[in-house]
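Q: Take a look at this one; I'll ask things after.
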Amino acid sequence: MSLFITFEGPDGSGKTTQISLLAEHLRAMGHDVLITREPGGTSIGDQIRTVLHDVKNVEMMGETEFLLYSASRAQLVREVLQPHLARGGTVLCDRFADSSMAYQGYGRELDLEAIRLITQFATGGLTPHLTIYLDLPVEVGIQRKQTAYVAQAGEWNRLDRQTLDFHRRVRQGYLKMARAEPDRWLVIDATQSIDDTQAAIRARLKTLLSSVRKVRTA
Ligand code: TMP
């Protein structure tokens, strides 16, 4: 049974940790799990990621930024995601199209309808079965990211340089998308412990798996 799960949330919300814990759980259940991330996940995508995150690229326009994220996504979908899902595998992806809607749409205030249309083209309509949003107050996320950077455990990219207001718009955008599609989204308070967060994710996964099975046997 193929399963596509994406993780969203500010930098510093613990996506990487939660993804590897969930992968462990799913593998123990017999799933063929592939972990990937955006932007990147392919050789071409990683090259695009370097351009996107380079703090020297101060002149990059919002439109350029969005199209580069979309280009990386188009490559990832066709080169990695679709083949793995077609084999019945499970994909856990650190960010996907909702990141573009949140950061470029709500954050940079680009036209939301244009983003929707281009995203549809880039993904070929591929949509996650479940999107887990690790929610964190903006100040806490930035603080965590700075601490990781100082400890040389994380990168500091072009988007981290944005204002607090930008990051607040991004968070509100995520919450709005989650409210609009509650069947696809799970919003979790990421100030909870790692174990409590993982428990909430596994509980929702259980519900998802039983509903997918019901549909298949109906
Ligand atoms: P991360 O690898 O630390 O998650 O960083 C990815 C950064 O890229 C993060 O600041 C969010 C940003 N981003 C966008 O702005 N739009 C997108 O479509 C994606 C995938 C990421």
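The values are calculated or read from the model by the stated rules, or taken from the named source; none is laboratory data. Note that the coordinates shown come from a computational prediction; the quantities given were computed from them, not determined experimentally. Ideal geometry is used to build each Cβ from the backbone, glycine not excepted, and the neighbour counts take in all protein chains shown. Side chains are part of the model used for accessible areas, which takes the heavy atoms of the whole protein and leaves out ligands, DNA and RNA. Shrake-Rupley method; radii C 1.70, N 1.55, O 1.52, S 1.80 Å.
Q: Would you point out which residue out of T90, T119 is touching a Leu at 6+ places or on another chain (Cβ under 7 Å), open to solvent by less than 40 Å² (accessible area, probe 1.4 Å) and among the polar types (S, T, N, Q)? Walk me through it before giving the result.
A: On the way: T119 fails: touching a Leu at 6+ places or on another chain (Cβ under 7 Å).
So the residue among T90, T119 that is touching a Leu at 6+ places or on another chain (Cβ under 7 Å), open to solvent by less than 40 Å² (accessible area, probe 1.4 Å) and among the polar types (S, T, N, Q) is T90.
Q: Which members of region 132-181 meet the condition of being within 19 Å of V58 (Cα to Cα), free of Cβ contacts under 8 Å to residues at least 40 places away in the same chain and among the hydrophobic types (A, V, I, L, M, F, W, C)? Reasoning before the result, please.
A: Applying the first criterion (within 19 Å of V58 (Cα to Cα)) to region 132-181 yields 155-167.
Checking which are free of Cβ contacts under 8 Å to residues at least 40 places away in the same chain leaves us with 163-165.
The answer is L164, and nothing else.
Q: Looking at region 93-116 only, could you name the residues that are assigned to a helix (DSSP H, G or I) and either open to solvent by 30 Å² or more (accessible area, probe 1.4 Å) or of a type in the set (D, E, K, R) (or both)? So that I can check it myself, show each step before the final result.
A: Residues of region 93-116 that are assigned to a helix (DSSP H, G or I), as a first pass: 97-107, 112-116.
Those that are assigned to a helix (DSSP H, G or I) and either open to solvent by 30 Å² or more (accessible area, probe 1.4 Å) or of a type in the set (D, E, K, R) (or both): D98, Y106, L112, E113, A114, R116.
Q: Filter region 173-196 down to residues that are under 16 Å from the mean Cα position of the chain (by Cα) and surrounded by 14 or more Cβ atoms within 10 Å (Cβ to Cβ), then give me how many there are.
A: Total satisfying the criteria: 11.
Q: For residues that are part of a helix (DSSP H, G or I) and open to solvent by less than 70 Å² (accessible area, probe 1.4 Å), tally how many sit in region 152-163. Spell out how you get there, then give the answer.
A: First pass over region 152-163, keeping only residues part of a helix (DSSP H, G or I): 158-161.
With the extra rule that they be open to solvent by less than 70 Å² (accessible area, probe 1.4 Å), the set shrinks to 158-160.
Qualifying residue count for the region: 3.
Q: Name the residues in region 37-55 that are modelled with pLDDT under 95 and surrounded by fewer than 18 Cβ atoms within 10 Å (Cβ to Cβ), would you?
A: Those that are modelled with pLDDT under 95 and surrounded by fewer than 18 Cβ atoms within 10 Å (Cβ to Cβ): H53, D54, V55.
Q: Looking at D165, D196, D189, D135 in this structure, which one is acidic (D, E), at pLDDT 95 or above and within 16 Å of the ligand (Cβ to nearest atom)? Let's see the steps before the verdict.
A: Values: D165 fails: at pLDDT 95 or above; D196 fails: within 16 Å of the ligand (Cβ to nearest atom); D189 fails: within 16 Å of the ligand (Cβ to nearest atom).
Step by step, each of D165, D196, D189, D135 is checked, and only D135 is acidic (D, E), at pLDDT 95 or above and within 16 Å of the ligand (Cβ to nearest atom).
Q: Considering only region 15-32, state which residues are of a type outside the set (D, E, K, R) and buried (at least 21 other Cβ atoms within 10 Å of the Cβ). Spell out how you get there, then give the answer.
A: Our first condition is that a residue be of a type outside the set (D, E, K, R); within region 15-32, this holds for 16-23, 25-26, 28-31.
Across region 15-32, the qualifying residues are Q18, I19, L22.
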